[in-house]
Amino acid sequence: MSKPTTQPPDFDEEFTKAVAEWRDKHRLREDDAVILLVELFRIHQQHWDQIRRREIPSFEQFRADITKLVGAAQTFQQQSSALLELLRSQPPAHRAAKITRAAAIFAALATLLAGYLIGRAWK
């Protein structure tokens, strides 16, 4: 993964420019109460931005871990594909169980004898 090369926009500069244009448009002095309120809002916003940055970690901290995770997922996918291909190429390992006629006759006779003996024991 490559890092993005574009610079993020400078919102502080944009905000300062917008306030200056707004002040010029409405012909407000530097010590006007509205301008002081805007400055107070900026102080408040900067304070909360610093708190947010301190409490929420940056995505950059996890970039290496995410890169390793993507690599591990790709390796797993390649190995599982190879395993599936190998399993598909193998002949089926299970065979249907076959009971011979002699074994079936012997089992039937044994069942009849067992039933006869159990019947005699109950009497």
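Just to verify a number: FRET efficiency for residue 53 and residue 84, C-beta to C-beta distance, R0 = 30 Å, to 0.05? So, using R0 = 30 Å, E works out to roughly 0.05. Charge dipole of the chain (Cα centre as origin; +1 on each Lys and Arg Cβ, -1 on each Asp and Glu Cβ, all else neutral): 1920 debye, rounded to the nearest 20. Net charge near residue 13: determine it from the other residues with C-beta under 15 Å of the C-beta of residue 13, scoring Lys and Arg +1 and Asp and Glu -1. Counting the neighbours of residue 13, the net charge comes to -2. For the chain, the longest principal axis of the alpha carbon atoms and the long axis of helix 33-55 meet at an angle near 30°. A dipole drawn for the chain from +1 and -1 charges on Cβ atoms has a positive end, and of 94, 26, 119 the residue lying farthest that way is 119. Annotation note: GluC sites (Glu not before Pro) in the stretch 28-86 located in DSSP loop regions with a Cβ neighbour count of at most 13 within 10 Å are 30.
With only alpha-carbon atoms in the gyration tensor, what are the semi-axes of the equivalent ellipsoid for the chain, in Å, largest first? List each step's numbers first, then the result.
Values: eigenvalues 1493, 129, 30 Å².
One finds semi-axes of 86, 25, 12 Å for the chain.
The convex hull drawn around the Cα atoms of the stretch 50-103, when projected onto a plane and averaged over every direction, covers 7.8 nm². Label-to-label distance for residue 29 and residue 109 is 12.4 nm, based on points extended 7 Å past Cα in the beta-carbon direction. Take the Cα of residue 99, step 7 Å toward its Cβ, do the same at residue 19, and the gap between the two points is 9.1 nm.
About its Cα centre, the stretch 32-102 has a charge dipole of approximately 960 debye under the convention of +1 per Lys or Arg Cβ and -1 per Asp or Glu Cβ, with nothing else charged.
Which one, 84, 112, 36, has the greatest fluctuation when you compute a Gaussian network model over the chain with C-alpha springs under 10 angstrom? Answer for the Gaussian network model of the chain: 112.
Projecting the Cα atoms of 46, 80, 62 onto the dipole axis of the stretch 1-83, where Lys and Arg carry +1 and Asp and Glu carry -1 at the beta carbon, places 80 farthest toward the positive end.
Bear in mind these aren't lab numbers, they're just calculated from the coordinates by the rules spelled out. Treat the numbers as computed from the prediction; the structure is a model and nothing was measured. Backbone-built Cβ (ideal geometry, glycine too); neighbour counts: all protein chains shown.
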